[in-house]
Amino acid sequence: MAYNAFLERMGEVNDLLNADSILNWDARTMMPPGGADTRAKQLATLSVVTREHLVADETRRLLERAEAEVANLPSDSVERTMCAHVREAIDYHLRIPAALVHKRAEVGSIGQHIWAKARAESDFASFAPVLEQTIALNQEMAECIGYEEHPYDALMYRFEPGETVRSLQPLFATLREGLLPLVKAIGEKEAPRVDFLERPFPVEAQLDFALKMARKLGYDTDRGRLDLTVHPFEVSFTRNDVRITTRANDEWMPKCLFGTLHETGHALYEQFCDPAYTRTPLATDLVGLYAVGGVSFGAHESQSRLFENHVGRSREFWEQNYGELQATFPEQLAGIDTETFWRAVNRVEPGLIRVESDELTYDFHIMLRVEIEAALVDGSLSVPDLPEAWNAKVKEYLGLDVPNDRLGVLQDVHWSSGQVGTFCNYTIGNVMAGQLFASATEDDRIREGLATADYLPLREWMTEHVHRHGRRYTRNQLLEKATGGSLDPTFYIEHLTRKYSDIYGI
């Protein structure tokens, strides 16, 4: 059958992307620093080979034959959806020269290592040249892709199809209107104590406990593992090998734990995708050329934020699991009860670091990044002026002074790897998480499970409504099917208002 031959060709593309993912995982966890230059060339070669395999005449011939073979099936059938994804991706990549693909991959790989050193030394000047290259390459990408209003729209398309600078403005405005009064009211209340979280917590014990909690949520360690890295991430090499990473501080315990829970949410999306989609276009981002099954980066982020915050930071979670944490760290947590611990890990305190931000102020970190990225891409902000602009935005949104570039403009890994246009996904994910969790917890079995440390009903609901579908539906189609509505920040704002009003007695 022509369709089967077409699927096998797509399986080869997926194999190449997984090889790329393995090299990236190794570069960010195990590779010695001296390997950076040659690894960059390996990744650049793989990127070009993968793209060429996707757009090759043979692939297009197989696609045309497959399209003809399934033409009489319903338009929303799996087969026609597979073909449509590949057709869209080929059309997209044919607009982008192979030389640009190669250059972006090479600069992105080298950039990560330059960034890691610059971040450690708080030296923006040493990172600025490669960042200028990155922005220029992304500007060139935007022109190749095409856009109607703003070049940043073209770059977001790779990560969150359908979102634009214009569409994000009312979403951000609604969040500011809903959350700023709450942040202000909390600022006038006494903050929960957190001193006991700053005691020495042995890293190995932190990792052991974090992995236990990941397993409780459903992470299958027969098909996954946990490692340390500079900036936490999840990566999958098909649903049968899904790895997560975290980072740890022996004097700030929440970093390791909640970083792990966050990446666990990502991992569940991949591990519980329909097995029939393995090595197919429904488990492969053919536009972005990533071996991921989530329909968009925002949809993927919804799972990490849901399991980290709606589950992992809930009172019910710690009523059931705090005893085990206290047994792991009896000296550090002596005399600290469950309520005190729960309030501490939900303390609202505007901070400089996005990945360590409290749940309530997190989206302000995203807003400032989106605004800065859009300005870099349209040329209204230059790279040399970036630290000053960053610091001003942090002051505007979070009321904080940035003491150095390590805690400011150098904190995120994204720009170093060439990813421009992806930050909006985090807020999209927060909003989706609130919406999905509200729908899921209408089920009595799920509510009872959360109250008794039985997380299987929730995980099964997410698998049924989100995970198993891979990339079959668009983000909004997925939301409509799961919740009955399109993207709606109401549920997220209600969740934050209810939770933090309880904690702070507002």
Worksheet item: Where the only charges are on Cβ atoms (+1 Lys, Arg; -1 Asp, Glu), what is the dipole of the chain about its Cα centre, to the nearest 20 debye?
Response: 400 debye
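State the extension gain, in nm to one decimal, for the chain segment bounded by E388 and V194, taking 0.36 nm per residue of separation less the distance between their alpha-carbons. Show your work: numbers first, answer last.
Details: separation 194, 0.36 × 194 = 69.84 nm, distance 3.14 nm.
The span from E388 to V194 would gain 66.7 nm if fully extended.
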Worksheet, complete the sentence: Between the Cα axis of helix 315-328 and the main Cα principal axis of the chain, the angle (0 to 90°, nearest 10) is 80 degrees
Fill in: Space enclosed by the convex hull of the alpha-carbon atoms of the range 353-437, per residue, Å³
102 Å³
Response to the item:
Cross-link reach from K481 to aspartates and glutamates, straight Cα distance under 14 Å and at least 8 residues apart if same chain, gives D76, E464
Worksheet, complete the sentence: Exposure proxy check on H102, H300: fewest-to-most Cβ neighbours within 10 Å is H102, H300
Worksheet, complete the sentence: For the chain, longest principal axis from Cα atoms; helix 124-145 axis from its Cα atoms; angle between them, nearest 10 degrees, is 50 degrees
Item to complete: Compare the Cα positions of T81, I135, I22 along the charge dipole of the range 2-149 (+1 at Cβ of Lys, Arg; -1 at Cβ of Asp, Glu; about the Cα centre) and return the one farthest towards the positive end.
Response: I22
Worksheet item: M30 versus E88, label points 7 Å from Cα toward the beta carbon: distance in nm?
Response: 3.5 nm
Worksheet item: Using only the Cα atoms of the range 50-131, what do you get for the radius of gyration and for Dmax, in Å?
Response: 19.8, 61
Worksheet entry | FRET efficiency, 1/(1 + (r/R0)^6) with R0 45 Å, evaluated for R225 and N4 via beta carbons | 0.85
Response to the item:
One checks the Cα atoms of the range 236-375 and finds Rg and Dmax, in Å, of 17.6, 53
Worksheet item: Relative contact order for the chain: what is it in percent, counting Cα pairs under 8 Å that are at least 6 residues apart?
Response: 20 percent
Worksheet item: When only alpha-carbon atoms count, how far does the range 295-379 stretch along each of its three principal axes, as whole angstroms with the largest first?
Response: 55, 30, 18
Response to the item:
Along the range 459-466, Karplus-curve 3J(HN,Hα) (6.51, -1.76, 1.60; θ = phi - 60°) to the nearest Hz, with x for Gly and Pro, reads 4, 5, 5, 5, 4, 5, 9, 10
Worksheet item: lysines within cross-link reach of K103: Cα-Cα under 24 Å, excluding same-chain residues under 8 positions apart?
Response: K41, K117
Worksheet item: What ³J(HN,Hα) values, in whole Hz, does the Karplus curve 6.51 cos²θ - 1.76 cosθ + 1.60 give for the range 359-367 when θ = phi - 60°, with x put for Gly and Pro?
Response: 4, 6, 9, 4, 5, 5, 4, 6, 4
Response to the item:
Neighbours of K395 by Cβ distance under 13 Å: Lys/Arg at +1, Asp/Glu at -1, summed charge -2
Response to the item:
Working note, the chain: Cα radius of gyration (Å, one decimal) and Dmax (Å, whole number) are 22.3, 70
Worksheet item: Can you list the HN-Hα couplings for the range 11-18, worked out from phi with the Karplus curve (6.51, -1.76, 1.60; θ = phi - 60°), rounded to whole Hz and with x for Gly and Pro?
Response: x, 5, 4, 4, 4, 4, 5, 5
Fill in: Coarse-grained scattering of the range 98-170 at q = 0.14, 0.19, 0.24 Å⁻¹, given as base-10 log I(q)/I(0) from a Debye sum over alpha-carbon atoms
-0.55, -0.85, -1.00
Worksheet, complete the sentence: Listed by chain and number, the residues whose amide H is under 5 Å from that of Y290, excluding neighbours fewer than 5 places away on the same chain and using placed H, are D285
Worksheet, complete the sentence: Placing +1 on each Lys and Arg Cβ and -1 on each Asp and Glu Cβ in the chain, then taking the dipole about the Cα centre, the residue among T490, V183, H231 whose Cα reaches farthest towards the positive end is H231
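Please report the projected area of the range 157-237's Cα convex hull averaged over all directions, in nm². Provide the component values of the computation, followed by the final result.
Numbers: hull surface 39.5 nm².
For the range 157-237, averaging the hull's shadow over all directions gives 9.9 nm².
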Discussion item. Going by Cα centres, the range 422-481 and the range 350-367 are how many Å apart?
Written reply: 22 Å
Worksheet entry | Mean separation of Cα contacts under 8 Å (6+ apart) over length of the range 325-428, as relative contact order % | 27 percent
Worksheet entry | Spherically averaged projected area of the range 2-149 from its Cα convex hull (nm²) | 11.1 nm²
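About the Cα centre, and with charges only on the beta carbon of Lys, Arg (+1) and Asp, Glu (-1), how big is the dipole of the range 42-180? Nearest 20 debye, please. Let's see the in-between values first.
Values: 14 positive and 22 negative charges, 63 e Å.
Approximately 300 debye in magnitude.
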Worksheet entry | Neighbourhood charge, 12 Å Cβ-Cβ cut-off, centred on H102 and excluding it, Lys, Arg +1 and Asp, Glu -1 | +2
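To the nearest 0.05, how large is the calculated FRET efficiency for R498 and E132 if R₀ is 45 Å and r is the Cβ-Cβ distance? Before the final figure, lay out each step's value.
On the way: r = 45 Å, r/R0 = 1.00.
Efficiency at R0 = 45 Å is approximately 0.50.
No value in this document is a laboratory result; all are computed from the given coordinates. These figures come from a predicted structure and were not determined experimentally. Here the Cβ is made from the backbone with ideal geometry for all residues, glycine too, and neighbour counts use every protein chain on show.
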